[in-house]
Each structure stands twice: as structure tokens, then as C-alpha cells.
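To keep things clear, I will list the structure first and then write my remarks on it.
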Amino acid sequence: MPNQTAQLDKVFQALADPTRRAVLERLAHGPAAVSELARPFAMALPSFVQHLAMLEQYGLVQSRKQGRVRTYWLAPEPLASAEQWIARHGEIWRQKLDQLDTYLNELKEQNS
């Protein structure tokens with residue numbers, strides 16, 4: 001369990017940055033070279049590459065270098081674990097809100 005928690009923490013840390021989220025969204029449409037991924041961002045290439053390195057280190061993307069071109073693609077498995085965590089906790093909160101709604105309706109009926 002601690003290893004799963006650490007991996008989940010890394011996924012959420014990676015998703016906390018809008019640049020990294022945008023990269024993941026782009027890679028959801030297919031592989032892309034570093035230059036193509038960096039194009040929409042107003043930052044120096046070394047800074048952008050740090051974002052890619054973090055995504056790769058945390059297992060959210062993979063890359064391969066052919067000649068002078070490094071291509072990245074999405075590795076969706078860690079995102080699936082985050083999605084499961086969100087779904088599980090979302091259900092818990094929906095249940096709690098349903099219970100609160102029931103309670104408030106009962107109070108309303110008692111005060112009517």
C-alpha cells in the first residue's frame with residue numbers, strides 16, 4: 001500500500017502543473033516530438049524538458065530517441081490509478097451528501 005500511495009502522490013504532483021497537464025492532453029492524441037510538444041509554451045526549451053523529465057520519471061509518459069529526435073507518448077496506467085482513487089472518493093462524498101440531503105429534508109418536514 002505505501003508504494004501505491006507514493007505513486008499516487010507522484011501522479012497528483014505531476015497533474016498539479018498546467019504545463020504538464022497540457023502535455024498529457026496533447027499526448028492523449030498520439031506521440032509527439034519534443035519540439036512539437038514545446039511549441040505552444042512560452043518557455044525556454046531546457047525548462048520545458050524538465051517538465052517532460054518529471055512526467056517520464058513518474059511514469060506518465062515514455063520516450064524514445066531516434067537520431068536527433070526524441071518522441072514521447074502517453075503511459076496511461078498511472079492515470080488509471082488516479083482515476084480509480086477519484087472515483088472511489090467521489091462515491092463516498094456522494095453518499096455523504098445524499099445522507100445530508102435526507103437529514104435536511106427530514107428537518108424541513110418536522111418544522112413544517
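Bear in mind these aren't lab numbers, they're just calculated from the coordinates by the rules spelled out. A quick note: this is a predicted structure, and the numbers were derived from the prediction, not measured. With ideal geometry, Cβ positions are generated from the backbone for all residues, glycine too; neighbour counts draw on all protein chains shown.
Before we move on, is Ala6 in contact with a Pro (Cβ under 9 Å, 6 or more places away or on another chain), among the hydrophobic types (A, V, I, L, M, F, W, C) and part of a helix (DSSP H, G or I)? Give the derivation first.
Numbers: in contact with a Pro (Cβ under 9 Å, 6 or more places away or on another chain): no; among the hydrophobic types (A, V, I, L, M, F, W, C): yes; part of a helix (DSSP H, G or I): yes.
Criteria not met by Ala6.
Just one of (1) more than 22 Å from Leu15 (Cα to Cα); (2) not in a helix (DSSP H, G or I) fails for Trp73. It is (1). Selection of first residues in segment 34-62 that are among the small types (Gly, Ala, Ser) and of second residues that are in a helix (DSSP H, G or I) and surrounded by 12 or more Cβ atoms within 10 Å (Cβ to Cβ), restricted to Cβ pairs under 6 Å at least 6 apart or on distinct chains, gives the following pairs, ordered by first then second residue: Ala38/Phe48; Gly59/Pro78. Taken over segment 70-110, the criterion of being aromatic (Phe, Trp, Tyr) and either surrounded by fewer than 14 Cβ atoms within 10 Å (Cβ to Cβ) or under 23 Å from Leu37 (Cβ atoms) (or both) is satisfied by Tyr72, Trp73, Trp93, Tyr103. When segment 46-69 is filtered for residues that are surrounded by 15 or more Cβ atoms within 10 Å (Cβ to Cβ) and in a loop (DSSP other than H, G, I, E, B), the ones remaining, listed by number, are Tyr58, Gly59, Leu60.
Test Glu36 against the stated conditions and say whether it is under 14 Å from the mean Cα position of the chain (by Cα) and either of a type in the set (S, T, N, Q) or outside any loop (DSSP other than H, G, I, E, B) (or both). Break it down into steps so the answer makes sense when it comes.
On the way: under 14 Å from the mean Cα position of the chain (by Cα): no; either of a type in the set (S, T, N, Q) or outside any loop (DSSP other than H, G, I, E, B) (or both): yes.
No: the conditions fail for Glu36.
Only one of the listed residues (Arg94, Arg88, Arg26) is touching an Asp or Glu at 6+ places or on another chain (Cβ under 9 Å) and part of a helix (DSSP H, G or I). That residue is Arg26. I'd like to verify a number: residues in segment 35-70 that are under 17 Å from Asp9 (Cα atoms) and of a type outside the set (D, E, K, R), how many? Of the residues in that region, 9 qualify.
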